[in-house]
Every structure is written in C-alpha cells, then in structure tokens.
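Inspection log for the structure reproduced underneath, given as structure tokens.
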Amino acid sequence: MDSLPAFDTDAIAEGPAGPGTPAPTFLDRLFDAGLLVRTGVDGLYGRSGAFESVVEALDRLVSRLGGADGAEVMRFPPGMSRKTFERSGYLKGFPHLAGTVHSFCGNEADHARLLACVEAGKDWTEKQEATDIVLTPAACYPLYPTAAARGPLPQGGLLFDLQSYCFRHEPSLEPTRMQLFRMREYVRMGSPDEVLAFREQWLDRGTKMMAGLGLPLAVDLANDPFFGRAGKMLANNQRNQNLKFELNVPVNSVEKPTACLSFNYHQDHFGTTWGLTQADGSVAHTACVGFGLERITLALLRHHGLDLARWPADVRATLWG
Amino acid sequence: MVSDEVIKDILRQNEAMSGLVDTLGENDDLFEKGLDSFGSVQLMLALEERFEVEFPDSLLNRRSFSSIRTIRETVTKLTVGAAA
C-alpha cells in the first residue's frame, strides 16, 4: 500500500515498524514514492509529475477563488535586484535566511587556482563575489518598488497576483521546510481599511478552501522567524499588533503544525520604504495573503495518501474538475 | 542614574525621533510620535549598551519602550537588579 496511514499519533511518532526497524519518515516515503527527488541537500528537492500536478491544480484553485477581484498578474524570476533587496529591510529581520548570488570574478590565474582547489577538495570560493542579484525571499518583494515607480495609487488602491520560487536558507529534514519553494500571493495596496478588509476576506476564503480540501486546520496568530534577541522583540511586536495570522495544518506533527497560508498586514512598512502613496498623497498600507504551494501539496499527501488516484472524490473534483 | 536627558540623547540617534526629542513629555507615546518596530529594537540595543543591562525576554515588547517614563522606570529596575 503506498498511501500513508491515517494521521494519528502513531503515524506521527514515526515509531519503529518492527524490532530494530525504524519506520520511514514522511520524507523517506515521499522519496520512495518518487514524489520528491533527492539532490543531496536538505530542503532542496526535485518534484515528480504527480507532485507538480497538485501544485498546478492548487495554483489554478487560488486563481479561481480570487479571479473575480481583478488582480493584475505579475511574475518575477526567483532572483531580485540586490539594491532593492537591501532597501527592503529584509536584512534587518532575516539575515540568516537570505541567499545571495555570487559569481567568479577573478582572472585566468585565479581560474587555475579555483580548479586546483576544486580538485583538492579545498575552498574554491575566494574569488566569488556578490552579483547584483539576490534570491527572492518572498514573492511580493520585487513588487513594491515596481508599484511605487508608477506613482500614487489610484483611488481604491491596487491588487496584484504573484507567484515565484522563493529561497530561505534553513536546511531541514522536514519536507515542509524547503529551501526553494513556490509562493503564490495576492497583494493589496491602499488605505488601512482597504487592506485590512482584503485580509479578512482571504482569511475567510483561505479557510474555506483548505476545509474544502479535507484538511484539518487552525488559524492562529503568528510571527515571522526574526533573527536573534532583537528578533524576539520584533516577533512580540508583530503578535501584539495582530499583524500576522497563519493557517496551520498538521503535517510533520500535531504539536508543531505547518503554516500553509499566511495573512499579513504590513501597515505602512513597504509604503514608507518605497515612497508608495495613496491617491490623496498619504502613505499606502499593504497586506498580502501567501499560499505555500508545496506545503499545501504535502498536507494533502499526508492526509489523503501518496496515491493521488485514491484521494477523496470531492477533493479530486475540487482540484481537477 | 537613569536620567531623562540620557534617554533623550539615545532617542536623538533615531531618525524619526531626532527632530522631536526636545518637545517630548515623559508620558508621550513614542510610537504615536513615529517610532517604528525597527527603531524600537535599535533603541533597546542602545539602552542596553549605555546602561550595561540586558532586557529579559518578558520585556522585549513595545510597551517597555512606549514612553520616556516607561523606559526610565524599566531601565532603573534593571540597573538596580544588576547591582543587587
């Protein structure tokens, strides 16, 4: 049988299947079923056609739910301008998660030394220098300066539809914590009332969407994984102001469920950072809803089994019509 | 000694606060006056360095840095605790 057992405490504990035989982890089972493909790096995986069919169906489902809102679709590559990244403030909160793109910037002699180091198994990165590109940490980061460059928002604000591979340097054996993953987002820009109404609407839509996929869930107040002691203060501030909610589904464990959707109110952070203004000239507020496409896929595989053909008919109908 | 003047000197280092410091009363809400989350973190770190204290996790929140008076009282307790 190639589907996981029911999601109960025995299954989560991943206890021994027999004397001296540890039960395979969820990640092992995903590899064994060919749904994920090993690369040798924790959190960096290939995806099978079946896995991708779920990701693509979820992407379409999100489009159906938000399609009538008239969002402007924009797609950026998974790299963004380093200057934009620096100005965004990401390094203040998440220096530990950032990924920079470096390239060889030496001469021919340096090239020879590089090859010798590779041959000898030594550090070969001495002449690697930071390029103008960093890996995108969240799908919406390239958007704010782009929107601000257009001038003040029109009356009623703007709505954008984004999707991108994103990078976060957090190697882990939990399949839900990938280093490169896809994030689908809707981003609303406007007055505080407008962006908060948008967030409320998606809290409702997102909850119904996930319940409709047969997933157990809970929506909880949350905080971002800010770095260090200063980060504790930022996290406390974020919670005290109800800025972030997450829709959690138990995937790796019941005790530490996985955030599959997040609903974020940035207040005027990006508006101030990028000089993004409302039609009346006041600073724009922003909010976003983010869908972790791989995480939702993994939640479905965990709860409905690794054989997509045997998923509940209503779930299959929702995803594939 | 934790004086309002020393706290104001530290607040002057904050971009949003620098032009307002001399007009601030001890009970004025610093966040209403323009201090943001990152600014409050920088304020926390500067206070720790100046007064050689460490804010415990329970005090790492906006409330602890909401006014000059709150900061004075909090840091005073920490310095007394450190000296005891």
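Phi-derived couplings, Karplus 6.51 cos²θ - 1.76 cosθ + 1.60 at θ = phi - 60°, listed residue by residue for region B:48-54: 4, 5, 5, 9, 6, 10, 10 Hz, with x used for Gly and Pro. What you get for chain B, charging only the Cβ of Lys and Arg (+1) and of Asp and Glu (-1), is a dipole of about 140 debye around the Cα centre. Rg and Dmax of chain A, both derived from C-alpha coordinates alone, stand at 21.5, 71 Å. Given chain B, report the % of alpha carbon pairs whose separation exceeds 21 Å. Tail of the P(r) past 21 Å holds 18 percent of the pairs. Among the trypsin sites (Lys or Arg not before Pro) in region A:142-193, those located in a DSSP loop and surrounded by at most 12 other Cβ atoms within 10 Å of their own Cβ are A:ARG150.
Model label points for A:ASP193 and A:SER53, set 7 angstrom from Cα along the Cα-to-Cβ axis, are 4.8 nm apart. Taking a point 7 Å from the Cα of A:ARG229 along the Cα-to-Cβ direction, the residues of region B:52-79 with backbone N closer than 12 Å to it are B:52-60. Region B:1-45 to region A:233-312: how many Å between their Cα centroids? Going from one Cα centre to the other spans 32 Å. Each of A:GLY214, A:ILE133, A:LEU114 was scored by the projection of its Cα onto the charge dipole of region A:104-226, and the greatest displacement toward the positive side belongs to A:GLY214; charges sit on the C-beta of Lys, Arg, Asp and Glu. Placing pseudo-labels 7 Å out from each Cα toward the beta carbon at A:ARG205 and A:ASN107 gives an inter-label distance of 5.8 nm. Derived scalar couplings between HN and Hα for region A:172-177 equal 7, 8, 6, x, 7, 10 Hz in order, rounded to whole Hz, by the Karplus curve 6.51 cos²θ - 1.76 cosθ + 1.60 (θ = phi - 60°), x for Gly and Pro. Listed by chain and number, the aspartates and glutamates whose alpha-carbon sits under 15 Å from that of A:LYS122, ignoring those within fewer than 8 places in the same chain, are A:ASP110.
For the pair A:GLU86 and B:ARG72, a Förster radius of 30 Å applied to the C-beta separation gives a FRET efficiency near 0.25, rounded to the nearest 0.05.
Counting only lysines at least 8 places from B:LYS33 when in the same chain, those with an alpha carbon closer than 16 Å to its own are B:LYS8.
If you wrap the tightest convex hull around every Cα atom of region A:80-157 and split its volume per residue, you get 114 Å³.
Every number in this text was worked out from the coordinates using simple rules, so none of it is lab data. All values reported here derive from a predicted model rather than from experimental measurement. Glycine also receives a Cβ, built like all others from the backbone with ideal geometry; neighbour counts cover every protein chain displayed.
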